[in-house]
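Read the structure below first, then the notes.
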Amino acid sequence: MSIGHWVNGEADHVHGLIDLPPHRAVSECVNALKTNTSRLLRRDFGAELERVYRSPVRSSRSYCVISVGGAPLEVLKAYIQQQDARN
């Protein structure tokens, strides 16, 4: 799995461009990303999160994966970078 510098998000979700080999399960990749992100957020921002949330923050079990097969890489990067500019 390869994650470039093409990650952007909004208050309730994240957009990311990930290169995943065909033999890797998408669900395992998503689970690993969510688990590690949650652990790092609790480690680095635990005190701040406790002030805002009454219970431990858990991400939703849902996710959306879209295959972009033949789309040019520059178009995909631009789409991700522009997500926060729409609001």
Residues that are at pLDDT 85 or above, within 19 Å of Tyr79 (Cβ to Cβ) and exposed (fewer than 10 other Cβ atoms within 10 Å of the Cβ), drawn from the range 24-66
Cys64
For the range 7-23 the number of residues that are surrounded by 11 or more Cβ atoms within 10 Å (Cβ to Cβ) and farther than 16 Å from Ala78 by Cα is 2
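The values are calculated or read from the model by the stated rules, or taken from the named source; none is laboratory data. No experiment lies behind these values; they were computed from the predicted model shown. FYI the Cβ positions are ideal-geometry reconstructions off the backbone, even for glycines, and counts take in every protein chain you see.
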